[in-house]
Structures are given as structure tokens and as C-alpha cells.
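Chemist: Mind looking over this structure? Questions follow.
The values are calculated or read from the model by the stated rules, or taken from the named source; none is laboratory data. As the structure is a prediction and not an experimental result, all values here were calculated from the model. Glycine gets a Cβ as well: all are built from the backbone with ideal geometry, and neighbour counts include every protein chain shown. Note: accessible area is taken over every heavy atom of the protein model, side chains too, but ligands, DNA and RNA are not part of it. Shrake-Rupley method; radii C 1.70, N 1.55, O 1.52, S 1.80 Å.
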Amino acid sequence: AVVSTQSTGFAQLASHQDITLEELYEKHAPTVVEQLCGQHKEWTRHSPDQSLFGELLLRSGKTCAKIMPGIYTIFKDCTAEEKDPELRMGMFTLLGRLLREAPVTSDAAQQFSAFSVDMIKEIIIPNLEWRAGRTAGSVRCAAISSLWALLRSGLLTSQQLKQVQEELMPQIVSTLDDDNCATRLVSCNCFNFLLNTGGKECFGPEELHKLYVELLKRLDDSSDELRIAVTDTFITFFSLFPEDYDREFYKAHLQALFRGLLIHLDDPSPTIQEGVFKVLEIAGKIHPQYLCEHIDNVKHKHRSSLYCDKLLTIFKQ
């Protein structure tokens, strides 16, 4: 109701001044944000000014470029750990909407991009840290959803992603094990995105070896939607193995991967079986003979040997 009243008020004000809404925002938004910056530290989730701030951001378009420093300050302060959890969740919801819905001009995108690294390091990552309680879990879910919106927005350059990757990946690995299923699913999407974007330049064998244990664990998740997302992530994961990967030196890692994946080649869900088969089609190229040895060892235990036989046909040629 507050947002609807504000929208009507903005339209009436523009009409009264005989200017467009866009011109109204361009003329007055910097002053309004400056005034809000003097009061935002006292906000709660139900503060009218917080609703005004949201309405202003979602409708200000290219004016965002001019007020980005003030916008960033408000987001940073209102998502601090000591703030009301409902306010923090509301601010992350607003941030996600802004990234998904607000019209972005080149100037606004450039300004948003300039603040993206700080936004991840100072706003999102601190709110991904594990804290006990359902409310803290809801804040993590809101924060990881904002991160996913930011990653998908295309506002982060590959160079900026490299700046945050080392600090961000451990937090995403941690939230992959969150109690909240939605948090785990979005974390998996972020995980896959960062692997894809970072590529072989950022993820060498040592880095990859640190990541697969959590992915294997998630194949036992209660959510099939998440498990399917994990198989997609594994496809990206195996695509990053270098051509000169030392198969013998790292044989223990391949053993853990092949064994873990082959268990789910006999999964009760046909969709998961198909997903894991596609993963092993790629993974087997790293060491075909070793995968075939593992398949021969477990094939007789599977309810159906269909996918085992397919893989043996592929890799024993």
C-alpha cells in the first residue's frame, strides 16, 4: 500500500511540474538519496523511508549512475550484522529486484559494475557466513540470491570475478551444505557459474581437488532439483581438467570421484542416472582404463547394467 501510494505520488508530482517521471527522478533523486543517507541508520523493515528508497531505485533508471555512492552506503549499512534481520532480508530482496528488473543504461551499468567487487566483499560475503538459527538462515538465503542475481546480470567483468573468487568460493562451498534447500540450490548455481567463468586459468588441479567432496555429498541431497544441478556443475568441473593432468599422481582423487559417481549411476531416479551418465562420459576421458576398471567392479551390483554397458562401449574401444 505504501509503495502504491508513493508511485501515485511520484506520478502526480511529475504531472504537476509538467515533466516526465524520468525527468522527475533525474532532477530530485540525488537530493532524496542524500537526505535518506542521513536517516537510514535508524531504519527498520517497516520504515516508510525504506519503502521510498526501494521505489526510487526501481524506477530511477539512468539516474542510478549519479546516486550510486549513496545507494551503496545505504545497502552496506542496512545489511550489517547488527541490523534487524527483517531489514537485511528486505534490502537483499530489493538488491535482487534491482539487478533483475530495473532498466539498466550503459552509465548505470558502468557505475554498478564499479561497486560490484565491494558489494560482494563487504555486503554479500559477510551475510553468507554461517550463524545459528532459522532467521540467520533466511538472511543467508537472501544474500546468496542477491549474489546469483549479480552474477547473472553481466555487470561483473572476468577481471572483477577473479578479484573475489578466492574469498567467495569457500563461502559458496559452505552454503552448499545449508539447511535451507533454496540456499543450497542457488549456491550450486553460483558454484557452476564461477567454475565456468573462472575456467582453467583460475581452477587448476589443486583447486579442483578441494571442491569435489562437497559436490559428491550433494548427490545425496533430498532435493532432486538440486541433484540435477549438481550433475550440471560436475560437467563444468570435469571440463576444467587440463590435458596434461597427471592421472597417476592424482589417482586417489580420480578413484574417489569415479566411485562416488558410479554409486549414483544406479540411482532410483532415472533423471539422476542420465545426468550422472553424462558426467561420466566427460570424466572418463581423463582416464578411460581406470573408469572401466571401476565399472567392472560395481556393474554386477547395479539394478540395471544399461549405463555401465554404454560407458564400457565408449571407453573400451
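Chemist: Go through segment 219-235 residue by residue and turn each phi into a ³J(HN,Hα) via Karplus (6.51, -1.76, 1.60, θ = phi - 60°); whole Hz please, and just put x for glycine and proline.
Modeler: 5, 9, 5, 6, 9, 5, 4, 5, 4, 5, 4, 5, 5, 4, 5, 5, 4
Chemist: With a/c under 1.5 counting as rounded, go ahead and sort the chain into rounded, prolate or oblate using the C-alpha gyration tensor (a ≥ b ≥ c being the square roots of the eigenvalues; past the cut-off, prolate if a/b is larger than b/c, else oblate).
Modeler: Taking the square roots of the gyration eigenvalues as a ≥ b ≥ c, the chain is prolate.
Chemist: Which ³J(HN,Hα) values in Hz, rounded to whole numbers, follow from the phi angles of segment 247-252 under the Karplus curve 6.51 cos²θ - 1.76 cosθ + 1.60, where θ = phi - 60° and Gly and Pro get x?
Modeler: Per-residue couplings from phi come out as 5, 6, 5, 9, 4, 5 Hz.
Chemist: To continue, here is another question. On a full-extension model of 0.36 nm per residue, what is the gain between Glu81 and Ala182, subtracting their alpha-carbon distance, rounded to one decimal in nm?
Modeler: Residue separation times 0.36 nm, minus the Cα-Cα distance, leaves 34.2 nm.
Chemist: Follow-up. Please go through the residue pairs Lys121/Lys162; Lys210/Lys316; Lys217/Lys285; Lys162/Lys200 and name each one whose alpha carbons sit more than 18 Å apart in this structure.
Modeler: Checking Cα-Cα distances, Lys210/Lys316; Lys217/Lys285 exceed 18 Å.
Chemist: Rounded to the nearest whole Å², what accessible area per residue is found for the chain with the 1.4 Å probe?
Modeler: Here the residues of the chain average 48 Å² of exposed surface.
Chemist: Multiplying the sequence separation of Gln255 and Lys41 by 0.36 nm and subtracting their Cα-Cα distance, what value in nm do you get?
Modeler: This chain segment gains 71.7 nm when fully extended.
Chemist: Hey, what did the chain get for relative contact order, percent, Cα under 8 Å, at least 6 apart?
Modeler: Relative contact order here is 11 percent.
Chemist: May I pose another question? Apply the a/c threshold of 1.5 to the C-alpha gyration tensor of segment 227-317 and tell me whether it is rounded, prolate or oblate.
Modeler: oblate
Chemist: If you roll a 1.4 Å probe over segment 182-221 with all protein chains in place, what percent of the accessible area is carbon or sulfur?
Modeler: Here it works out to 49 percent.
Chemist: Could you give each residue of segment 91-98 its phi-based ³J(HN,Hα) in whole Hz, using Karplus coefficients 6.51, -1.76, 1.60 with θ = phi - 60°, and x for Gly or Pro?
Modeler: Once θ is set to phi - 60°, the couplings for segment 91-98 become 5, 5, 4, 4, 4, x, 4, 4 Hz.
Chemist: Oh, and also: Using every alpha carbon pair in segment 80-181, what percent of pairs falls into each 10 Å bin from 0 up to the bin containing the largest distance?
Modeler: Reading the bins upward from 0: 15, 49, 30, 6, 0.
Chemist: With +1 on each Lys and Arg Cβ and -1 on each Asp and Glu Cβ, how big is the dipole of the chain about its Cα centre, in debye rounded to the nearest 20?
Modeler: My answer is approximately 480 debye.
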